[in-house]
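Peer 1: The structure follows.
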Amino acid sequence: MPATALRCRVCETQFPLEPIGVCARCFGPLDPVYDRDEQRRTVTRESIAAGPQSIWRYASLLPVAPPREARLPAGWTPLIRARRLEDALGVGELWLKLDTANPTHSFKDRVVAVAAAKAIELGRTTIACSSTGNLANAVAARAAAEGLEAVVLCPADLEPEKLIATAVYGAKIFAVEGSYDDCSRLTVELSFELDWAFVNVELRAYYAEGSKTLGFEIAEQLGWELPDAVVAPIASGAMFSKVHQGFSELLELGLVSGTTPRLIGAQAEGCSPVATAFATGEKVKPVRPSTIARSLAIGSPADGELAVATARASGGSIYAVAEDEIVENISLLAETTGVFGETAPAVTLGALREAVRRGELGANDRVVLIVTGDGLKTPGLVAHKLDPTVVEPDADLILETLGVAV
Ligand SMILES: Cc1ncc(COP(=O)(O)O)c(C=O)c1O
Ligand SMILES: [Zn+2]
């Protein structure tokens, strides 16, 4: 395991590989640092390919040792070409990264797998989080698989499917009468009092690294090539930034060549503090979310500035997508690709459409859109499409409704 320390992103102070949420000197966010020489010596395309079909094939690029026994493996999800949608949009090549294929149907299984491995190493028996829904599902399932307790804090008015898909694993749910940002503040306060492992508080540096595996997999599944652009949603901004970091690390290690893809970020208009900061050039200002994209409803994004910097450094952009377009995009994705995504990928598709409208993406580009979560968790938004033809159990009657003479 070549991680050597945690380092502050702001003042660069280093800390040991312990559960430390923020820099003790300046409260800046922390990232693991690695022995790159060791990685260059030992990590090859072949050594990765010989690993398991999960995020743990990249264990040498992650800040924790892989679990001794792989329970409920996350990652190594399909990357599929979406020819009908690429034709409809006018994009050269469009690939969908189907993170709906994870155990709890979102990319959050990746980040939780890494954080939980650290929690187990530390001997913790409870994993906990604040969540906009998907993270709660992933924490609850991981705890069940590993024999840990799970406690989650979610806004009380979340989609019921997401709360049920947490409760089923036996997790304790605090349905907080407030926003996600209230839940987040509560977990920080509680983390001083309880010996639970809060995956997105004191284990955040480990947790966030799990999203690098999305970048690793995209490159490996394209035959160790980098796409021209990747479109991904932004809530806290962690995943968006870490996908880019994943590509940069592959370049640094000589596992791929070329330049990092342009990173195009997506937020819903009703909660778009990062898109606004990108557009105005000002600092990210917290907002009170009001959006149907509940999984992205973080008004005070912890890694918002990093996401803006990532979009700029990669030559990409960040767009706010109209609330009306979100439901339309759930249908567009489903009807042209066979993929039923939740609101987050629908927002992501909106940013892709905007980038095409502006001529930023087009016929010469190979683009990957990350489908981070599953539409079966937010079915209410498309319930209006359910309009079946009710019939008696009689084939002649069915033929009659079809206008076929018998
Ligand atoms: C489906 C889905 N996509 C994207 C995100 C955004 O992730 P991040 O907070 O790392 O920006 C979330 C976060 O909850 C999510 O649930
Ligand atoms: Zn610092």
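The values are calculated or read from the model by the stated rules, or taken from the named source; none is laboratory data. Note that the coordinates shown come from a computational prediction; the quantities given were computed from them, not determined experimentally. We place every Cβ from the backbone using ideal geometry, glycine too, and count neighbours over all the protein chains shown. Quick note on the areas: whole protein, heavy atoms, side chains included, nothing else; ligands and nucleic acids left out. Shrake-Rupley method; radii C 1.70, N 1.55, O 1.52, S 1.80 Å.
Peer 1: Would you confirm whether or not the range 3-24 contains a residue that is within 16 Å of ligand 1 (Cβ to nearest atom), surrounded by 16 or more Cβ atoms within 10 Å (Cβ to Cβ) and under 19 Å from the mean Cα position of the chain (by Cα)?
Peer 2: no
Peer 1: Follow-up. Looking only at the range 168-195, count every residue that is at positive phi and either assigned to a strand (DSSP E or B) or among the basic types (Lys, Arg) (or both) and tell me the total.
Peer 2: Selection size over the range 168-195: 0.
Peer 1: So, one more: If you go through the range 204-230 one residue at a time, how many are away from ligand 1 (no atom under 12 Å from the Cβ) and either open to solvent by 10 Å² or more (accessible area, probe 1.4 Å) or of a type in the set (Val, Ile, Thr) (or both)?
Peer 2: Here the count works out to 11.
Peer 1: Something else about it: Can you tell me which residue within the range 283-308, out of those that are assigned to a helix (DSSP H, G or I) and out of contact with any Ser or Thr (no Cβ under 8 Å at 6 or more places or on another chain), is most open to solvent (accessible area, probe 1.4 Å)? Write out each step before concluding.
Peer 2: Our first condition is that a residue be assigned to a helix (DSSP H, G or I); within the range 283-308, this holds for 294-296, 304-308.
Still in the list and also out of contact with any Ser or Thr (no Cβ under 8 Å at 6 or more places or on another chain): 305, 308.
Details: Glu305: 79, Val308: 15 Å².
Ranking the candidates gives Glu305 first.
Peer 1: Ok, one more. Being open to solvent by 40 Å² or more (accessible area, probe 1.4 Å) and free of Cβ contacts under 8 Å to residues at least 12 places away in the same chain, is that true of even one residue in the range 54-63?
Peer 2: no
Peer 1: Tell me, please, whether a residue that is modelled with pLDDT of 95 or more, assigned to a strand (DSSP E or B) and within 23 Å of Lys108 (Cα to Cα) can be found in the range 325-332. Even if it seems obvious, please write down each step before you answer.
Peer 2: Residues of the range 325-332 that are modelled with pLDDT of 95 or more, as a first pass: 325-332.
Cutting the leftovers down to assigned to a strand (DSSP E or B) gives us none.
For the range 325-332, residues modelled with pLDDT of 95 or more, assigned to a strand (DSSP E or B) and within 23 Å of Lys108 (Cα to Cα): absent.
Peer 1: Report yes if Gly315 is open to solvent by less than 50 Å² (accessible area, probe 1.4 Å), touching a Lys or Arg at 6+ places or on another chain (Cβ under 7 Å) and assigned to a loop (DSSP other than H, G, I, E, B), otherwise no. Break it down stepwise before answering.
Peer 2: Numbers: open to solvent by less than 50 Å² (accessible area, probe 1.4 Å): yes; touching a Lys or Arg at 6+ places or on another chain (Cβ under 7 Å): yes; assigned to a loop (DSSP other than H, G, I, E, B): yes.
Spelling it out, Gly315 is indeed open to solvent by less than 50 Å² (accessible area, probe 1.4 Å), touching a Lys or Arg at 6+ places or on another chain (Cβ under 7 Å) and assigned to a loop (DSSP other than H, G, I, E, B).
Peer 1: Suppose we filter the range 25-47 for residues that are away from ligand 2 (no atom under 16 Å from the Cβ) and crowded, with 18+ Cβ neighbours inside 10 Å; how many remain?
Peer 2: Of the residues in the range 25-47, 2 are away from ligand 2 (no atom under 16 Å from the Cβ) and crowded, with 18+ Cβ neighbours inside 10 Å.
Peer 1: Is it the case, given these coordinates, that Val347 is of a type in the set (A, V, I, L, M, F, W, C), without any contact (Cβ under 8 Å) to a residue 60 or more places away in the chain and either in a helix (DSSP H, G or I) or surrounded by fewer than 19 Cβ atoms within 10 Å (Cβ to Cβ) (or both)?
Peer 2: No.
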